[in-house]
Amino acid sequence: MTDKEKCVVCKNCDNEFTGNYCNNCGQSAKDYDRPFSVLIVDAMANIWAFDTRLWTTLKSILLKPGEMAINYITGKRIRYMPPFRLYLFISFIFFMLLRISANSESNTKIISFNNDSDKGVDKELIQGGEIVRERENKASIAEIDNIDKESVSEQKSKSELAISNFITYLSWALIIMMPLYASLLWVLFRKRQKHYLAHFIFALNQHAFLFIILSILIILTLAFPDKSSSYEAWLLMLFPAYLVVGGRTLYKARWRSIIIRMFAAFILYMIIVISIIILVVTIIFHQLN
């Protein structure tokens, strides 16, 4: 019997087995009763493996649309991160940036509105002719300032709550609708690709690609809030090209057929997404009122 076939006793259930995992309870045979330095080396190796798979997966998604879906269903999976896990990772970053951007924009509008109100009160004070009237106006201004601060605080709280709820509901809605979009792709391309998993992975990759582009746009907006031009918005034109090129790679159909069917699926999906957004906004509006 070789060392690889040597029996191991599971420390969890005392079952004897060969291999890396117990065939009774599933616990790993890895021994953690080792020097701390050895554990650190193992941890660094796992992190390196994660980083390698992450960058390999991102490279495939960004530069080779459709390739990951094909490789995944043909068994070439070890080089990639699990598609759904990667989608969650990218969507978390995107929705976090979206929340920051939306809150920043909301606070700017509230502060601007408050400043405009203050200017109106000052104007009324300057127009006052009598001393008694001026004193009354000063007292009124102090009261108005207190009311304005409370109003701004209340508006800010409601705005942040509405933004938080909207982004949370939208992120969950997209996860729930992902299988629906994959089903649309399967209906339109089932003769070209019979495996539903391939359509689902391609759908995940499309959303991940779009979230990466939108995240870049948000980061540029946050980094340069006073910029007058928006040339970076042209990055959004990469998404239609991604749909067509990825569809051509995965489904091996003619360009005309790919363009018509991909955009048909996208338009149907956008109608559903817009309907969901309207529903979410309606629910949030009723919650805040």
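The values are calculated or read from the model by the stated rules, or taken from the named source; none is laboratory data. Being a predicted model, the structure only gives us computed values, none of them experimental. For neighbour counting, all protein chains shown are included, and Cβ atoms are generated from backbone atoms with ideal geometry for every residue, glycine included.
Brief remarks follow.
- Assessment of the stretch 237-255 against the conditions (modelled with pLDDT under 85 and surrounded by 13 or more Cβ atoms within 10 Å (Cβ to Cβ)) yields no matching residue.
Yes or no, residue by residue, for (1) touching a Phe, Trp or Tyr at 6+ places or on another chain (Cβ under 6 Å); (2) polar (S, T, N, Q); (3) in contact (Cβ under 8 Å) with a residue 40 or more places away in the chain:
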| site | (1), (2), (3) |
| --- | --- |
| ILE176 | no, no, no |
| TRP186 | yes, no, no |
| HIS195 | no, no, yes |
| ILE201 | yes, no, yes |
| GLN206 | no, yes, yes |
| LEU210 | yes, no, no |
| LEU217 | no, no, no |
| THR221 | no, yes, yes |
| PHE224 | no, no, no |
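- Every condition in (1) more than 15 Å from TYR87 (Cα to Cα); (2) assigned to a helix (DSSP H, G or I); (3) not basic (Lys, Arg) holds for GLN193 except the one numbered (2).
- Exactly one residue out of ILE176, ILE212, ILE163, ILE216 is touching an Asp or Glu at 6+ places or on another chain (Cβ under 9 Å) and either farther than 19 Å from THR74 by Cα or surrounded by fewer than 19 Cβ atoms within 10 Å (Cβ to Cβ) (or both), and it is ILE216.
- Against the list (1) more than 20 Å from SER60 (Cα to Cα); (2) in contact (Cβ under 8 Å) with a residue 40 or more places away in the chain; (3) exposed (fewer than 15 other Cβ atoms within 10 Å of the Cβ), the condition ALA265 fails is (3).
- Filtered residue count, the stretch 233-262, keeping only those that are in contact (Cβ under 8 Å) with a residue 40 or more places away in the chain and not aliphatic (A, V, I, L, M): 8
- Scanning the stretch 196-232 for residues that are of a type in the set (D, E, K, R) and not in a loop (DSSP other than H, G, I, E, B) yields one hit, GLU232.
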